[in-house]
Amino acid sequence: MVDRPLISVVDDDESVRESLPDLLKEFGFSAQAFSSAEEFLASDYVGKTSCLILDVAMPGFTGPDLQRELRVRQQKIPIVFITAHRDANTRHRLIENGAVDCLFKPFSDCDLLTALNTALRVI
Amino acid sequence: MESELRYVVDALPEMGWTALPDGHIDFLNRRWLEYTGLRLEYASGQGWQRAIHPEDLPQLLQVWQSAIESGEPREAEARLRRHDGKFRWFLLRASPITDASGSVVRWWGMNWDIEDRKRAERLLGESEQLFKALFDEAGTGITLVDLCRGEPIRNNRALQMMLGCSEEELSHFATFDQLTYEPNRESDAELFRQLCVGTRDNLRMEKHFIVKDGSSVWANVIFTLVRDAEKRPRYVIAIHQDITDRKHALEKLQAQTELLDLAQKAARAMAFDWHIQEKINTWSPEQEELYGLAPGTFDGTYESWKKLVYPNDWPAVVNSLKHAQQTGDISVEFRVVWPDGSVHWLAANGQMFFDDEGKPLRMVGFTADVTSRKLVEEELRRKAALLAQAQHVTSTGSFSWRPTTTNEITWSAELHRIFDLDRSTPITPERIRTRVHPDDLKLFDRTIEQARSTGNDFECEYRLLMPDDSIKYVHVVAQATRDQDGQLEFVAAVQDVTERRLSEAALDKARSELTHVSRVMSLGALTASIAHEVNQPLSGIITNASTGMRMLDADPPNVDGARETTRRTIRDAHRAADVITRLRALFGKKETTTELLDLNEATREVIALSTNELQRSGVILRPELSDSLPLVTGDRVQLQQVILNLVRNAADAMSHVTERPRRLVIRTERAEADAVRLSVRDVGVGLDPETLDKLFQPFFTTKENGMGMGLSVSRSIIERHNGSLRAAANDGPGATFSFSIPQASEDVTKTPNPNAGNLTDKSYAERNA
């Protein structure tokens with residue numbers, strides 16, 4: 001079980017933090033949920049994370065802020081953004097800045113799996 | 001002895017004779033006989049008397065008789081006729097020869113020819129007479145001073161008259177001294193002394209006499225010294241020429257010259273007479289000064305003059321010279337550049353004379369420095385230009401009007417432009433009236449009438465109907481003043497405020513559009529927020545459901561996990577329901593503002609708002625708005641939201657249409673049962689009979705990106721206005737969506753609605769009335 005890729009989820013919405021890790025485990029990944037970017041950065045999982053599922057709009061430290069911070073720290077973790085705001089411009093900008101994908105909530109399990117597979121191939 | 005005497009007498013070189021004591025001539029010598037041509041026997045006795053001039057004979061005989069009687073020698077002068085008949089003067093002397101007792105024994109005599117002396121005497125007499133005549137009758141006053149006697153010895157009538165003195169009075173130097181103008185007495189006397197002592201031979205002085213009546217007499221006096229044979233001063237002749245009149249004339253001329261000089265300097269206008277071709281500087285120093293030249297430095301040539309004139313002004317000078325060739329009059333203003341670089345304006349006015357070849361020969365006239373006038377003119381011109389420019393820029397004209405006198409209006413160029421009235425005929429209120437919009441004539445007439453009668457300031461705004469049927473709005477502000485004669489005069493500014501009025505109308509429109517847009521935008525933001533709120537639980541639901549499915553599909557199925565995910569799914573579904581409930585509450589609280597409104601106007605605003613978007617989408621929009629649409633009451637923005645929604649739906653429905661024009665028609669019309677209907681018709685994809693029922697349900701959409709809320713919300717808005725929203729498929733391609741709402745009730749429409757006051761011609765006139 002140790003060799004399962006770790007997918008970290010950062011979202012301020014509790015229902016996402018509850019539901020997503022279970023789905024990810026069903027996909028066969030390890031999963032770890034964090035309620036904020038700060039919590040994630042402070043954890044021991046940054047270096048171990050193979051892919052980050054990151055909410056765009058969070059109070060305080062936002063998803064794009066964390067993306068920037070990781071780039072500064074030379075942490076090349078593939079990021080799949082998720083957002084409840086259906087905004088094509090934001091999606092386009094995030095992907096331009098290096099994100100693997102940006103999924104609009106609610107997204108289907110297939111879309112998520114496709115994105116994660118893409119992300120893990122990136123490494 | 002007798003023969004001896006005869007012998008002696010005969011030998012005399014002069015004529016001689018002898019006579020007996022009783023006077024009987026007994027001998028005449030040869031010279032006598034030769035002169036007279038008489039023979040002795042004929043001339044002796046009394047015969048000699050024939051040789052004597054008859055006029056002289058009586059006196060001669062008388063003297064001869066007296067000699068005989070007295071025995072004394074006698075002399076007499078008489079003319080003797082020569083042998084050729086000519087008379088000559090002789091001095092005749094008779095001398096007695098006496099004996100020892102003293103008795104006369106004989107007479108002898110000699111005749112000397114004194115003709116030459118006599119002639120000299122005669123000539124002298126004539127000369128003396130001439131001198132006397134000249135002296136006495138001369139027009140100039142003459143005094144002769146005898147230096148031996150030390151007094152004037154003679155003076156003539158002219159001098160007596162000149163100085164108003166008698167001959168006697170003028171025979172004393174004291175008189176002359178008294179008459180001499182007192183301040184000059186000493187110096188005049190000193191000059192005269194120099195003459196008297198012989199230091200100088202001539203003296204000329206202007207003497208100023210004050211005569212007895214107190215008036216001044218001026219004389220130009222020429223003193224001439226006459227010396228005697230030893231060159232000693234003997235006489236002084238003083239000739240007095242009366243120059244009093246000339247002196248007065250001179251003084252007068254001097255005064256006139258000074259006056260002219262003063263006038264020229266005061267006017268800075270110098271008279272000149274310039275003989276152009278003679279190359280002689282006939283310019284006065286003042287004339288040269290006008291050109292900035294030092295006195296006497298102008299060489300008088302045409303070429304030099306040309307060099308003095310500012311080159312840019314030379315053509316004007318040449319033109320005026322050409323003109324002068326026709327008329328002789330020259331009048332030109334030009335600049336000259338002084339050596340110090342300063343520029344001066346000169347005006348030359350005068351007469352020009354030309355030679356046969358048409359070259360300037362002589363110019364007579366005045367030159368004046370008009371720099372200050374020119375500067376003022378220039379300043380005035382610049383200000384006028386500035387004013388005109390400012391008037392043009394601000395579309396403001398100005399005029400002055402004297403209603404009580406000429407009634408004529410003096411107005412600026414900009415006003416001509418604004419009113420487009422011919423400049424050649426005088427502007428009167430009547431002419432302006434022809435431009436006034438018929439609906440504003442009453443207002444115009446009343447304003448003019450009040451201005452005339454009250455003489456008060458006035459301000460008004462009215463419209464002009466231009467020849468090309470365009471309408472202009474003008475704003476007039478007039479101030480009443482009194483002119484120099486105390487007559488009423490209005491000075492006014494007229495501004496073309498058409499642009500402002502139109503932009504105000506546009507601004508009103510833009511403002512309402514802005515309100516609208518901001519409300520639409522807040523609706524957009526609200527929509528996004530709703531989406532976010534709903535998407536969060538939806539996301540959880542889907543994830544949980546997906547996980548549950550996978551858990552149950554697993555081998556062996558993870559039932560506990562599936563139960564947990566299902567529980568979460570239910571919980572998230574409740575959360576979503578809660579969001580909807582909150583939104584309901586939010587919508588429910590929304591207040592609607594009700595106003596009386598013109599649906600046409602509201603529609604036009606929507607059209608204006610969507611024009612760009614529709615153009616981008618290639619949609620051709622045609623409004624068919626009813627002219628007689630009753631007003632409705634309602635929420636303007638909400639109704640516009642509905643119209644906008646229908647228009648956007650229609651445009652979206654035609655987004656894939658390429659085989660026909662994307663035509664969109666918005667129509668307003670009266671509907672049945674006192675209602676107003678608005679319909680939006682497109683030629684798009686049309687309506688599927690299946691979907692027709694679901695159209696107005698929330699979240700139903702046929703669009704890829706649609707939310708399915710538009711028609712649902714629209715219907716609720718229309719229903720809140722007690723109206724209905726319907727959709728129908730067209731006979732041809734596309735669909736028509738329409739709503740109808742009741743028209744406003746009678747009593748409501750009677751109340752004027754300030755918000756409905758767009759700038760219509762009618763309301764405009766009312767506002768100014």
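The values are calculated or read from the model by the stated rules, or taken from the named source; none is laboratory data. As the structure is a computational prediction, the values presented were derived from the model and not from experiment. Every residue, glycine among them, receives a Cβ derived from its backbone with ideal geometry; neighbour counts consider all protein chains shown. Note: areas computed on protein heavy atoms with side chains; ligands, DNA, RNA excluded. Shrake-Rupley method; radii C 1.70, N 1.55, O 1.52, S 1.80 Å.
The figures follow:
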read-out: Tilt relative to chain B, helix B:57-70 - C-alpha long axis, 0 to 90 degrees, to 10; value: 40
read-out: Gained length - B:Gln178 relative to B:Met466, 0.36 nm times residue gap less alpha-carbon distance; value: 93.9 nm
read-out: Rounded percent of accessible protein surface that carbon and sulfur make up, region B:266-422, 1.4 Å probe; value: 56
read-out: Peptide A:106-116, shielding by other chains (average Cβ, 10 Å cutoff); value: 3
read-out: Stretch gain in nm, segment B:Glu206-B:Ile97, where the contour uses 0.36 nm per residue and the Cα spacing is subtracted; value: 32.4 nm
read-out: Solvent-accessible surface (1.4 angstrom probe) belonging to B:Arg50, in square angstrom, nearest 10; value: 120
read-out: Helix-derived mean residue ellipticity, 222 nm - over chain B, DSSP H n ≥ 4, -39500 (n - 2.57), to 500; value: -14000 deg cm²/dmol
read-out: Between A and B, accessible area buried - total, square angstrom, nearest 100, 1.4 angstrom probe; value: 1700
read-out: Calculated from backbone phi, Karplus (6.51, -1.76, 1.60) coupling profile of region B:647-658 in Hz, x at Gly/Pro; value: 5, 5, 4, 4, 4, 4, 5, 9, 5, 9, 6, 10
read-out: Contour excess over end-to-end distance, with Cα ends at B:Glu459 and B:Ala255 and 0.36 nm allotted per residue; value: 67.2 nm
read-out: Residues in region B:728-745 reached by a label modelled at B:Arg622 [backbone nitrogen below 17 Å; 7 Å Cα→Cβ]; value: B:730-737
read-out: B:Met161-B:Phe353 pseudo-label distance in nm [points 7 Å out on the Cα-to-Cβ vector]; value: 4.1
read-out: Heavy-atom surface of the protein assembly as shown, accessible at 1.4 Å and reported per residue (Å²); value: 55
read-out: Shielding by partners - mean other protein chain Cβ count within 10 Å, residues of B:655-662; value: 0
read-out: P(r) histogram, all alpha-carbon pairs of the protein assembly as shown included - 10 Å bins from 0, percent; value: 2, 7, 8, 7, 8, 8, 6, 6, 6, 6, 5, 3, 3, 4, 4, 3, 2, 3, 3, 2, 1, 1, 0, 0
read-out: Sulfur and carbon atoms: percent of accessible area, region B:1-106 [1.4 Å]; value: 50
read-out: Relative contact order of region B:185-294, defined on C-alpha pairs under 8 angstrom at six or more residues apart (%); value: 15
read-out: Accessible surface, 1.4 Å probe, highest first, among residues B:Arg204, B:Arg246; value: B:Arg204, B:Arg246
read-out: FRET efficiency, 1/(1 + (r/R0)^6) with R0 56 Å, evaluated for B:Thr691 and A:Glu38 via beta carbons; value: 0.70
read-out: Accessible area (Å², 1.4 Å probe, nearest 10) - B:Thr668; value: 0
read-out: Heavy-atom accessible area order for B:Val105, A:Val72, largest first, 1.4 Å probe; value: A:Val72, B:Val105
read-out: Peptide A:10-21 - average C-beta neighbours from other chains (10 Å radius); value: 5
read-out: Simple spin-label estimate for B:Arg185 and B:Glu408 in nanometres, 7 Å along Cα-Cβ; value: 7.4
read-out: With all protein chains modelled, accessible area of B:Glu121 [1.4 Å, Å²]; value: 80
read-out: Accessible area, probe 1.4 Å, largest first, for residues B:Phe366, A:Phe61, A:Phe34; value: B:Phe366, A:Phe61, A:Phe34
read-out: Length-normalised contact order of chain B in % [C-alpha pairs under 8 Å, at least 6 apart]; value: 5
read-out: GNM top mover of A:Ala31, A:Ala88, A:Ala99 - chain A, alpha-carbon springs below 10 Å; value: A:Ala88
read-out: For chain A: rounded, prolate or oblate by the Cα gyration tensor [a/c cutoff 1.5]; value: rounded
read-out: Approximate spin-label separation B:Thr527-B:Arg500, in nm, with each point projected 7 Å along Cα-to-Cβ; value: 4.1
